[in-house]
1. Does segment 213-231 contain at least one residue that is crowded, with 21+ Cβ neighbours inside 10 Å, acidic (Asp, Glu) and either over 18 Å from the mean Cα position of the chain (by Cα) or modelled with pLDDT of 95 or more (or both)?
2. How many residues does segment 118-133 hold that are open to solvent by 10 Å² or more (accessible area, probe 1.4 Å) and either touching an Asp or Glu at 6+ places or on another chain (Cβ under 6 Å) or farther than 12 Å from Leu8 by Cβ (or both)?
3. Return the residues of segment 301-341 that are among the small types (Gly, Ala, Ser) and over 30 Å from Phe172 (Cβ atoms); say none if nothing qualifies.
4. Output the number of residues of segment 71-91 satisfying the condition of being surrounded by fewer than 20 Cβ atoms within 10 Å (Cβ to Cβ) and within 20 Å of Leu5 (Cβ to Cβ).
5. Is at least one residue of segment 92-105 among the acidic types (Asp, Glu), surrounded by fewer than 17 Cβ atoms within 10 Å (Cβ to Cβ) and in a loop (DSSP other than H, G, I, E, B)?
6. Only one of (1) open to solvent by 10 Å² or more (accessible area, probe 1.4 Å); (2) modelled with pLDDT of 95 or more; (3) charged (D, E, K, R); (4) over 23 Å from the mean Cα position of the chain (by Cα) is not met by Glu344, so which one is it?
7. Can you name the residue in segment 232-287 that is open to solvent by 40 Å² or more (accessible area, probe 1.4 Å) and assigned to a loop (DSSP other than H, G, I, E, B) and is also nearest to Ser387 (Cα to Cα) among such residues?
8. Quick one: which residue in Ala16, Ala52, Ala6, Ala47 is over 28 Å from the mean Cα position of the chain (by Cα) and either crowded, with 21+ Cβ neighbours inside 10 Å or not aromatic (Phe, Trp, Tyr) (or both)?
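The values are calculated or read from the model by the stated rules, or taken from the named source; none is laboratory data. Since the structure is predicted, the reported quantities are computational estimates derived from the model, not experimental observations. Here the Cβ positions follow ideal geometry from the backbone for every residue, glycine too, while neighbour counts run over all protein chains shown. Accessible surface is based on the protein model in full, side chains and every heavy atom, while ligands, DNA and RNA are left aside. Shrake-Rupley method; radii C 1.70, N 1.55, O 1.52, S 1.80 Å.
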Amino acid sequence: MCGILAVLGCIDNSQAKRSRIIELSRRLRHRGPDWSGLHCYQDCYLAHQRLAIIDPTSGDQPLYNEDKTIIVTVNGEIYNHEELRDKLKDSHTFRTGSDCEVIAHLYEEYGEDFVDMLDGMFSFVLLDTRDKSFIAARDAIGITPLYMGWGLDGSVWFASEMKALSDDCERFMSFLPGHIYSSKTGDLRRWYNPVWYSEQIPSAPYDPLVLRNAFEKAVDKRLMTDVPFGVLLSGGLDSSLVAAVASRHMAKVEGAAKWGSKLKTFCIGLKGSPDLKAAREVAKYLDTEHYEFHFTVQEGLDALEEVIYHIETYDVTTIRASTPMFLMSRKIKSLGVKMVLSGEGSDEIFGGYLYFHKAPNKEEFHQELCRKIKALHLYDCLRANKSTSAWGLEARVPFLDKEFINVAMSIDPGWKMVRPDQGRIEKWILRYAFDDEEKPYLPKHILYRQKEQFSDGVGYSWIDGLKDHANEQVTDAMLANANFVYPENTPSTKEAYYYRTIFEKFFPKRDFSWIFMDPCSLIHELIVICFSFD
């Protein structure tokens, strides 16, 4: 992960403005502690804070085309950059080995329609000095964060995190995943248009080998790295599958021998937590170099303010799960690891949450899956990205690979539904796809282990500790008047109220409801409520 900041069309292009841009960009340095870059062209500024994963020696940003008329600042990874380079090599000269440089050349060759050619996670801003136009785009699912804002002087701003915009923009919003903004038209349009997005019910038959191969490819391509890496291993199905597949592909990773022949795995929890025990068992089975971290409830409480500052949300579930991940990321970075693979996205694709048991039919089951995936950028993607990026650690999520999602979401959803009469529990089609008798990926009882919420798996007393602490901080009278203090997204519990007060300390006096809620996620919340009723 890196941090990007772009300010385009500001009236003031003085040295003072440049200094201000540098100061705001510095707020993102935790995302990219390895180097800082800034390109100024008239009244446009593109800044970058780099986390060096690919080509650490020469891939500093911003990046350019041959004559430097096109400038781009990028946060993310382009996994198919070598294939794209091969398409361009006869007519384009590359300056660096960075995977992101290809974006500048693709734009020069194809114009604004190149974004769907990118296979990866990314947010970027590109400035074309030939006509002083610019574009900004975000990856298909919203794995990488991006925000868009507007200044009173007519300037347009983009940044990886809200904290770089909140003081200088009159208004700002979360940039929608799978969208591109063009200054030529002033429109924000969707470039990502897969078949599943329309929520029509698919009918492809379930083929376990096709599903398994698609996931193997998704993991394999995410092993593209020039720095040490590992896997976040909770011991649940999703992270265990990521670790199992990654361990089989270790031999393909260039330079892996320099960091050790074994895959590194990491887990965190309160002492005696379910995740620690399960992860230990999986790590032993896979023969990984396993690291087990412990934290106390008090250490988690002490970190809450810093967690909320970094993840930039007051959503209760997200904060509960982000805190252990935030603490673990600091430990991982201290070991010299800069990139990790994680298991986010599987529950949204396969209906892994327990409330999916109550889906009345496959049509509503599938439509809810679609809504969950569309809302991932507000919850799990936000948590995974910002909790790790707070310490200069990059998280990659193979379940959210574009090709894998297309395969998984084309399967008749009847196969994904829980069928006790047929021995099918939640995510059965994923479990069965990796149930290989000849060369097992995982032990049977791990492969068919029921899901734990991450915030429960790290230790059940973690949630109780959070609630008790909030009850001490928020009085009954404060909660009774919550609708007057916070009329938008009014907190309904003392825990939610407590998180909101911390959030408002860092981002005060603004209506943030429209940043965190788009129409899809609002519908998602209503559907969840409906499915929760017997």
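1. Within segment 213-231 (the criterion being crowded, with 21+ Cβ neighbours inside 10 Å, acidic (Asp, Glu) and either over 18 Å from the mean Cα position of the chain (by Cα) or modelled with pLDDT of 95 or more (or both)), the answer is no, since none of the residues qualifies.
2. 4
3. Going residue by residue through segment 301-341, those that are among the small types (Gly, Ala, Ser) are 303, 321-322, 329, 334, 336.
Answer for segment 301-341, where residues must be among the small types (Gly, Ala, Ser) and over 30 Å from Phe172 (Cβ atoms): Ser334, Gly336.
4. Kept after step one, since they are surrounded by fewer than 20 Cβ atoms within 10 Å (Cβ to Cβ), are these residues of segment 71-91: 80, 82-83, 85-91.
When the remaining residues are screened for being within 20 Å of Leu5 (Cβ to Cβ), the result is none.
Residues that pass the stated criteria total 0.
5. Looking only at segment 92-105, we keep the residues that are among the acidic types (Asp, Glu), and these are 99, 101.
From what is left, the residues that are surrounded by fewer than 17 Cβ atoms within 10 Å (Cβ to Cβ) are none.
Checking segment 92-105: not a single residue is among the acidic types (Asp, Glu), surrounded by fewer than 17 Cβ atoms within 10 Å (Cβ to Cβ) and in a loop (DSSP other than H, G, I, E, B).
6. Unmet condition: (4).
7. Among them, the one singled out is Lys271.
8. Among Ala16, Ala52, Ala6, Ala47, only Ala16 is over 28 Å from the mean Cα position of the chain (by Cα) and either crowded, with 21+ Cβ neighbours inside 10 Å or not aromatic (Phe, Trp, Tyr) (or both).
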